[in-house]
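Single-structure report; data block below.
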Amino acid sequence: MTRRTVTQQYPDQLPDLPPRSRGVIGLFEENCTVCMLCARDCPDWCIYIDSHKETVPPAAPGGRERSRNVLDRFAIDFALCMYCGICIEVCPFDALFWSPEFEYAETDIRELTHERDRLREWMWTVPAPPALDPAAEEPKEVAAARKAAEKLAAGQPGDGAGSGAGESRSGGTGSGAGSGGEGGA
């Protein structure tokens, strides 16, 4: 109330946006499995996906052929989109991301439908995820993987624990059988 109002001169001076602000949606096509969850859950029905099935030969001889979905078309109509983010949240494979870019106005409304090539271009503007909090607890999955790796490293034959176990096993069996045989004779 006591500060003066400051008008930003937008085209000449870009606004300072928060790092994870919502602008346009970018597509990381390599992660898309054409599960169609984003299109089904979109309240505006502004996501258009076309695909076909392809047969993949077996990985090993004697195996069976697999079929996989191949993405033909992925488009978002930003004239209909209400930027709710449901498509990004529901994607189980992290194929959709928010980009902070907001300057994509068009003179023709039909050009607001961005096809997959244009959506892929927006991925270059997606910021990196924030760093993990150093004071936070380690995730259970990471802790379990670390413990398994430590157990594996401790039991490797290259260090003293592994070679000592092998020596006592072979030495104990040989000497026990030898002394038992000699003592009985």
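The values are calculated or read from the model by the stated rules, or taken from the named source; none is laboratory data. This structure is a prediction, so every number in the text was calculated from the model and none was measured. In this analysis, Cβ positions are derived from the backbone assuming ideal geometry, glycine residues included, and neighbour counts consider all displayed protein chains. Just the protein is used for accessible areas: all its heavy atoms, side chains included, with ligands, DNA and RNA removed. Shrake-Rupley method; radii C 1.70, N 1.55, O 1.52, S 1.80 Å.
The table for this structure:
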item: Inter-label distance, nm, simple model (7 Å from Cα along the C-beta direction), A135/L152; result: 3.4
item: Sparse-neighbour loop sites [GluC sites (Glu not before Pro); the range 19-121; at most 12 other C-beta within 10 Å; DSSP]; result: E65, E103, E106
item: Accessible surface ranking that places the most exposed of I49, I109, I86, I25 first, with a 1.4 angstrom probe; result: I109, I86, I49, I25
item: Coil-residue trypsin sites (Lys or Arg not before Pro) of the range 1-65, DSSP, other Cβ within 10 Å capped at 14; result: R3, R4, R20, R64
item: Rounded to the nearest 10 Å², the accessible area of Y10 at probe 1.4 Å; result: 90
item: Positive dipole terminus of the range 34-90, leading residue within P57, F78, W45 (C-beta point charges); result: P57
item: Hydrodynamic radius of the range 1-59 per Kirkwood, over alpha carbon pairs, in Å; result: 16.9
item: 1.4 Å probe accessible area per residue over the range 50-119, in Å²; result: 65
item: Protein-only accessible surface order, largest first, of V6, V70 at 1.4 Å; result: V6, V70
item: With DNA, RNA and ligands ignored, accessible area of M123 (1.4 Å probe; Å², nearest 10); result: 40
item: Accessible area, probe 1.4 Å, largest first, for residues S99, S21, S67, S51; result: S67, S51, S21, S99
